[in-house]
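The values are calculated or read from the model by the stated rules, or taken from the named source; none is laboratory data. On a predicted model such as this, the values are computed, not experimentally measured, just so you know. For neighbour counting, all protein chains shown are included, and Cβ atoms are generated from backbone atoms with ideal geometry for every residue, glycine included.
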Amino acid sequence: MILIFLGTAGSGKTTITASFGGYLEKNGNSVGYVNLDTGVKKLPYKPDIDVRDIITVEELMKEGYGPNGAIVESYDRLLSHADEILSGILELDEELDYLLIDTPGQMESFLFHEFGMRITSGLKEPLAAYLFGPDILRRPSDYCFVKFFAIMIDLRLGTTTVPVLNKVDLIREEELSSIRRLLEDIDYLNARLKLDPSMQGFLAYRICSFLPEVSPPVRVVYASAKTGEGFDELETLSYEHYCTCGDLT
Ligand code: GTP
């Protein structure tokens, strides 16, 4: 089973790759780790495949690239190694119960670059976990944004994407139940959006009304890479994905 962790910088991809991997190993699974982040300095897990063996952002900055240019250049250079990285991933997947893929710090380096497409298009039925933090959920329209972003990842990468609200250890219990309602009850979210008189509210309302038609039936996982909360749910979802091929209701 291959699980790809995606998310904006700081959403917790690297931490959850290590802690969820540790959780799976403790439950008796064999787990492999893949690092696709050319910019990361230290990893809290031992990668079986590490793109930094080929190129790092640090090396490119020494060649004179600025920080953003170095990130883009690193994935340009990795493109010619994409097949070899992909074969390594597929080989490991044959041998192990789980393969966890940690993606670049800046999500756009994976979503917008040919390298990310080449890797994901070679995987069979990949499952992506889209990590976001509670800090992004301020207004009802943000909930609409998060739900649509998961669909955009499906659209771009051809994955099935599970939205994972990470860092739930930072949320108070009563706040979490209101977050859950907005993420899970589409009628309630639409009713809240309808009350927003701004242009943004109107746009979110129209887009969200369309959600039930286009959104695959996927549950939201509430997790903490720090405490391990929600890992049982993430494990169940990964298992269900590979057993039932995509039905994550
Ligand atoms: P990049 O470094 O940009 O690749 O970020 P990333 O998405 O890999 O995030 P990373 O795992 O480096 O975590 C970013 C910060 O969030 C670190 O300080 C982590 O310790 C912290 N963090 C990650 N997950 C959690 C969580 O579940 N709870 C809390 N409280 N902090 C977390």
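Scanning region 154-174 for residues being touching a helix residue (DSSP H, G or I) at 6+ places or on another chain (Cβ under 7 Å) and assigned to a helix (DSSP H, G or I) gives a total of 4. Phe149 satisfies every condition listed in (1) without any contact (Cβ under 8 Å) to a residue 40 or more places away in the chain; (2) in a helix (DSSP H, G or I); (3) away from the ligand (no atom under 16 Å from the Cβ) except (3). Applying the set (1) within 13 Å of the ligand (Cβ to nearest atom); (2) buried (at least 16 other Cβ atoms within 10 Å of the Cβ) to Glu108 leaves exactly one unmet item: (2). The set of residues in region 213-249 that are more than 16 Å from the chain's Cα centre (by Cα), part of a helix (DSSP H, G or I) and at pLDDT 90 or above comprises Asp232, Thr236. So which residues in region 1-30 are farther than 13 Å from Phe231 by Cα, away from the ligand (no atom under 11 Å from the Cβ) and surrounded by fewer than 22 Cβ atoms within 10 Å (Cβ to Cβ), if there are any at all? Hits for region 1-30 are Met1, Gly28, Asn29, Ser30. Can we say Leu90 is more than 17 Å from Phe112 (Cα to Cα) and out of contact with any helix residue (DSSP H, G or I) (no Cβ under 7 Å at 6 or more places or on another chain)? Spelling it out, Leu90 is indeed more than 17 Å from Phe112 (Cα to Cα) and out of contact with any helix residue (DSSP H, G or I) (no Cβ under 7 Å at 6 or more places or on another chain).
From the list Thr103, Thr161, the lone residue that is within 11 Å of the ligand (Cβ to nearest atom) and in contact with a strand residue (DSSP E or B) (Cβ under 7 Å, 6 or more places away or on another chain) is Thr103.
The set of residues in region 111-153 being buried (at least 23 other Cβ atoms within 10 Å of the Cβ) and of a type in the set (S, T, N, Q) consists of Thr120 alone.
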